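Every read-out reported here was derived from the displayed coordinates using simple, explicitly stated rules and does not represent laboratory data. Treat the numbers as computed from the prediction; the structure is a model and nothing was measured.
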Amino acid sequence: MRRIFTILAAASALTLGMGAAQPAQADFAVVNNENEFRALVQGRELRRFAVRLQVHDDGTISGRGFGRQVTGDWGWQGRYFCRTLEWGSGGDPDNCQLVLRDGDTLRFISDQGQGDSADFRLR
């Protein structure tokens, strides 16, 4: 996932450089539990520059990222969304992430809220 976060960070820098605004951290609220998270993502797509993902009720993740198929598994542990991802010939081991919400934007912060972040729009 670090590789995809690196790609996503580069995409974010490109997007920000083109004048797109990113919501301020203060506008985000923590998604506190699995039920709240499921209600947000059920039947919706998570979108970000060149990435479209779905988080399914059966504990799987599917979609596409930068032209490659993305698959994975997820679960909720305590306050964190924990997932593995595979795409193309690469992948990312399990990582538990803090999830924040501002309207239809979810921010995932890796390493239990201590690492890189990626914002996704709910569609």
Taking θ = phi - 60°, what integer Hz values does the Karplus form 6.51 cos²θ - 1.76 cosθ + 1.60 yield along the stretch 66-73, in sequence order, with x for Gly and Pro?
6, x, 10, 5, 10, 9, x, 10
Subtract the Cα-Cα distance of Thr60 and Arg121 from 0.36 nm times their separation in residues, and report this length gain in nm to one decimal.
20.1 nm
All alpha-carbon distances of the stretch 26-123, grouped into 5 Å bins from 0, give the whole-percent distribution 3, 14, 24, 31, 20, 7, 2, 0
